[in-house]
1. Would you list the P(r) distribution for region A:332-466, with all Cα-Cα distances sorted into 10 Å bins from 0 and each bin expressed as a whole %?
2. 5 Å is the cut-off here: which amide hydrogens, built 1.01 Å from N in the peptide plane, fall below it relative to residue A:404, excluding neighbours closer than 5 in sequence?
3. What does DSSP give for chain B in terms of the percent of beta bridges that are antiparallel, rounded to the nearest 5?
4. Using Cα positions and a limit of under 19 Å, work out the lysines in reach of residue B:113, with same-chain residues fewer than 8 apart set aside.
5. Computed on alpha carbon atoms, what radius of gyration and Dmax characterise chain B, expressed in Å?
6. Given the options B:125, B:36, B:180, which has the most mean-square fluctuation in a GNM of chain B, springs set between C-alpha atoms less than 10 angstrom apart?
7. Please get the size of the charge dipole for region A:388-466, origin at its Cα centre, with Cβ charges of +1 on Lys and Arg and -1 on Asp and Glu, quoted in debye to the nearest 20.
8. Return a whole-number percent for the relative contact order of chain B, with Cα pairs under 8 Å and 6 or more residues apart as the contact set.
Amino acid sequence: MTLFEKLWQAHIVREAQNEPTLLYIDLHLIHEVTSPQAFDGLREAGRRVRRPDLTFGTADHNVPTTDRSLPIADAIAAKQIETLRNNCAEFGIQLFDINSPEQGIVHVIGPELGLTQPGMTIVCGDSHTSTHGAFGALAFGIGTSEVEHVLATQCLPQNKARTMKVQTSGRLPEGVTAKDLALAIIGKIGTDGATGYVIEYAGDAVRGLTMEGRMTLCNMSIEAGARAGMVAADETTFAYMQGRRFAPKGEAWDAALKYWKTLRSDDDAVFDKVVEIDASSLEPFVTWGTNPGMVVPVSSCVPDPSDAKTLADRQAAERALEYMALSPRTNIQDIAIDRAFIGSCTNARIEDLRAAARVVKGYHINSSVSALVVPGSYDVKKEAEREGLDRIFSEAGFEWREPGCSMCLGMNPDILEPGERCASTSNRNFEGRQGRGGRTHLVSPMMAAAAAIKGHFTDVRNWEFK
Amino acid sequence: MNPFTNHTGLVVPLDRANVDTDQIIPKQFLKRIERTGFGKFLFFDWRYLADGKANADFILNQPRYRGASILVAGKNFGCGSSREHAPWALAEYGIRAVIAPSFADIFANNCFKNGMLPVTLPESTVGEIMQRTQENEGYKLTLDLNNQTIVDEIGLSVNFQVSAFQRYCLLEGLDDIGLTLRHEDSIKAYEATRKN
């Protein structure tokens with residue numbers, strides 16, 4: 001059996017012919033944007049939350065990343081955050097609210113707190129829930145109606161996805177990160193290449209990733225259209241889990257560990273599809289277009305739409321180049337930037353900040369660039385400050401902010417002005433994603449840091465560290 | 001939930017692939033805590049220019065497509081964010097069904113939860129429909145969920161696939177949560193096997 005099959009079987013509440021399977025949900029994470037209408041629905045139907053003890057909330061999408069002792073200027077955002085607070089109080093749900101020490105981006109704090117565990121089914125009203133699959137969990141995003149469904153029943157009807165193995169060979173070279181691996185995969189199979197599939201990432205390169213690297217990889221699964229992405233649990237996973245606040249302890253830990261060790265695909269497991277990637281051949285990647293599949297290695301150039309295989313692809317490329325104000329065959333390393341954003345559930349953990357700080361140390365950002373670093377949680381922020389990373393960033397001219405989703409989607413005031421070009425460690429480069437008319441290029445934290453300093457994209461493999 | 005049995009409506013062709021949910025409903029409108037009020041913000045950045053004036057070039061703004069209730073689009077429609085605000089915006093705007101060669105999973109699922117029908121047809125058929133829409137002002141389609149057919153007034157007749165269960169729920173306008181709660185015994189039985 002595949003890991004996915006094992007997780008699926010372990011959570012079946014009810015199966016019936018010609019119906020979706022009813023699965024039990026071990027962990028339900030909520031945030032302020034996709035939950036208000038779900039709670040309203042509960043109230044209207046006179047229903048309670050079935051398992052408030054398995055439900056945890058945080059405010060992350062809408063929160064300002066500037067001084068949080070001040071009231072939120074945006075009245076609608078303030079209302080939405082207050083609504084979450086009221087709903088959690090009313091229904092007895094633990095909330096890591098805006099000024100609590102555990103607050104942060106939902107997919108950063110879940111693992112940090114040890115809420116995310118191997119073998120779990122985990123859902124959240126957010127497509128990057130796939131992040132938690134890094135722990136050998138079945139984790140996926142759901143819409144608000146499904147949030148209501150889980151609140152009311154702690155179950156979710158699901159049609160079984162097909163399985164895809166992404167088999168990596170070799171090791172990622174120096175300067176090439178989990179983010180680049182993720183972009184390479186999406187570039188290879190396309191933004192709908194995994195639609196209808198759950199991806200399991202396997203192979204040496206994946207085994208060699210830290211938990212944070214695996215989280216980055218699984219996070220981006222949705223950008224290939226996957227239902228979920230996962231990495232089988234191993235010693236790296238168990239070491240990360242040990243001692244975390246909500247992780248099992250004592251005898252419960254021993255029992256959990258025994259079970260977790262079974263959570264891997266059998267050697268003879270058959271996948272519906274296998275995609276192979278030679279990790280050792282990869283470079284840092286940079287997106288050039290308006291979806292994550294429009295991506296190339298940093299040493300290459302913006303493609304020429306006339307080389308596209310189909311008319312539709314050609315038109316899409318032309319439209320993307322027009323929006324991004326890029327000419328065909330421009331060298332990626334000749335593209336100048338206005339902004340840099342290091343943050344998001346993809347790349348705002350402590351290792352991401354360390355990697356970026358290593359690049360930044362001793363340098364200053366280019367005079368034409370303004371740059372933000374938004375740690376993924378208060379925990380990450382505190383650790384970074386303990387290590388002096390905040391000083392490295394500030395001295396280099398980066399703004400050091402409070403935790404939140406921030407410029408990944410620009411729901412709070414951190415947005416691009418029309419026409420601004422941004423090197424971003426986030427996960428989507430759709431038109432207007434970071435602000436109407438904003439031009440997003442997705443890269444790894446090291447690449448964003450290097451671009452901020454040079455004022456244009458550069459191959460960080462050649463970086464002169466100081 | 002409003003049932004969907006059959007629907008005849010004006011078709012509007014959005015000839016783009018990979019239309020993502022950020023386009024369908026941009027993030028600034030997700031701050032609302034209500035389920036309603038999203039229709040006027042549908043495709044906001046495409047429908048309106050930066051100065052707030054209507055973009056005459058955008059297909060939904062063209063007079064011949066006013067009142068359209070069936071959207072035809074390119075592959076991978078609704079990719080990106082899980083925001084259910086996307087089908088809410090479409091439904092409130094008046095769209096009852098979307099036809100495309102493929103849909104993103106979460107978006108398609110969200111449509112079914114809101115009485116909207118996402119119809120998957122082969123790329124060539126979608127292309128044919130787009131062409132007929134562009135060539136025939138006032139072009140309409142009739143979608144019959146019961147028989148799983150789509151016809152127009154000029155000879156097109158195609159079948160479409162849809163999962164039996166989703167079809168049943170949509171035809172009856174069934175409440176998903178109510179259905180699950182019918183299996184309370186199974187849920188309790190499962191919970192009894194858990195450590196917590």
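All of the numbers you see were taken from the coordinates with simple rules; none came from a lab. Quick caveat, the model's predicted, so the values are computed rather than measured. Here the Cβ is made from the backbone with ideal geometry for all residues, glycine too, and neighbour counts use every protein chain on show.
1. Going from the shortest bin to the longest, the percentages are 15, 50, 32, 4.
2. A:105
3. Percent antiparallel among DSSP bridges in chain B is about 50.
4. A:160
5. In order Rg, Dmax, the Cα atoms of chain B give 18.2, 63 Å.
6. Checking each option, the largest mean-square fluctuation is seen for B:180.
7. 220 debye
8. 26 percent
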